[in-house]
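Scroll down for the structure; my scribbles are underneath it.
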Amino acid sequence: MDYVVRETASNFRRNVTLTLATIITVTISLTLLGAALLFRDAVDNATVRWKDGVEFIVFMDPDISVELEADLRRQLEESREVVDFIYIDKDEAYAEVQELLGDSPELVDVITAERLPASFRVKPTDTLPERVDQLAEVFRTQPGVARVVTASETIRAIEDLSRGLSQRVIIIAIVLLVAAAVLIWNTIRMALFSRRQDIEVMKLVGATNWFIRVPFMMEGFIQGLVGGLIAMPLIWLTNNYLSIINDDVSLELLRGFMVDPARVWSLGFQMVGLGALVGTVGSGVAIRRFLNR
C-alpha cells in the first residue's frame, strides 16, 4: 500500500498540467451530462399528465354524483371525436400529487385524496389546437365538471425543446468524456514512458503485471473520481438554477414541479461513479497496451 500511494503521488507530480486538464475535462463532461438528465427529469415531471396523446383533461367536482359521472363517461365513449380516454380516480390523483410534490412534504401533508377531483384524460381524434379547444369547450359546460385543461402548444414546445436540448447536450458530454478518456490514456502513457527503464527492471526481478499496473490505474481512477466529485455540486447548482427558471412567467407550466432532491443526489453519485469508471478504463487500456508490447 505504501508503494502504491508513493508511486501514484509521484505520477501526479510528473504530469501536473495534464492531470489538471483531465480533471477539468471530466468535470465539464459529467456536469453537462448530469444537467441534461436533470432538465429532462424536470420536464418529464412537469408534463407527466400529458403523455400518450392526452390533449385535454376533464376535472370533475369532488362531490359529483355517480349519475353525472356515468353520464360524462357515456358521452366520452359515444363521441366520434374521442379516440380513447383514461379515468383517474381520487387515489390515483393523490399518488400523482405525492410524486410531483415529493420535495415539498409540507404541501403533501395538507392534501388528502378526498379533496382531489377525479378526472378523465382524453385523447381526441383530431389533435389540432382549434379542434381540441372546441371539443374541450363541449365538456367544459357539462354538469359536474369543475374545469377542463387543454395541452396547449406551450407544453408541446417545452417537450420538443427538452428532447432536442437533452440529445445535443448528451452528445457533447459523451464526446468530452471520450476526450477525457484519451487525456487519461495519454497521461498514463507519458508516465509509463518516463519510467520504462524502472518497469523493465521490475519485470526482470519478478514483479507481476498487476503490481506494475495498480499505481497507474489508481492515477486514472483518482482523476476521474475528482472530476466527478467536483461535478456533484455543479449539478446541484443546476437544479437550483432550474428552480429560478421556473419562477419565470413564460414557463408557467413548469412552476412547482422540480426534481426530487434525492434524485439530484442519486444523479450526482452516478456521475462520480461514471467519472471513476472512465478514469480506470482509460488508464487500464494504456497500461495493457504498454505491457503487451
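Structural remarks
- Some residue of region 72-95 being modelled with pLDDT under 75, open to solvent by 30 Å² or more (accessible area, probe 1.4 Å) and under 22 Å from the mean Cα position of the chain (by Cα): no
- 1 or more residues closer than 30 Å to residue 81 by Cα: qualifying helices (runs of 4 or more DSSP H) within region 122-239: 129-140, 153-194
- Residue match in region 35-45 (condition: open to solvent by 20 Å² or more (accessible area, probe 1.4 Å), modelled with pLDDT of 80 or more and either at negative phi or touching a strand residue (DSSP E or B) at 6+ places or on another chain (Cβ under 8 Å) (or both)): yes
- Residues of region 209-242 satisfying the condition of being modelled with pLDDT of 85 or more and open to solvent by less than 10 Å² (accessible area, probe 1.4 Å): 223, 224, 227, 228, 231, 235
- Residues located in region 182-201, provided they are open to solvent by less than 30 Å² (accessible area, probe 1.4 Å) and either over 40 Å from the mean Cα position of the chain (by Cα) or of a type in the set (A, V, I, L, M, F, W, C) (or both): 184, 188, 191, 192, 195, 199
- Of the residues making up region 243-266, just one is modelled with pLDDT of 75 or more and open to solvent by 80 Å² or more (accessible area, probe 1.4 Å), namely 265.
- When region 205-225 is limited to residues that are out of contact with any Gly (no Cβ under 8 Å at 6 or more places or on another chain) and among the β-branched types (Val, Ile, Thr), the one that is nearest to residue 266 (Cα to Cα) turns out to be 214.
The values are calculated or read from the model by the stated rules, or taken from the named source; none is laboratory data. Owing to the predicted nature of the structure, the values given are computational and were not obtained by experimental measurement. Reconstructed Cβ throughout: ideal geometry from the backbone, glycine too, with neighbour counts over all protein chains shown. Side chains included, ligands, DNA and RNA excluded: accessible areas come from the protein's heavy atoms. Shrake-Rupley method; radii C 1.70, N 1.55, O 1.52, S 1.80 Å.
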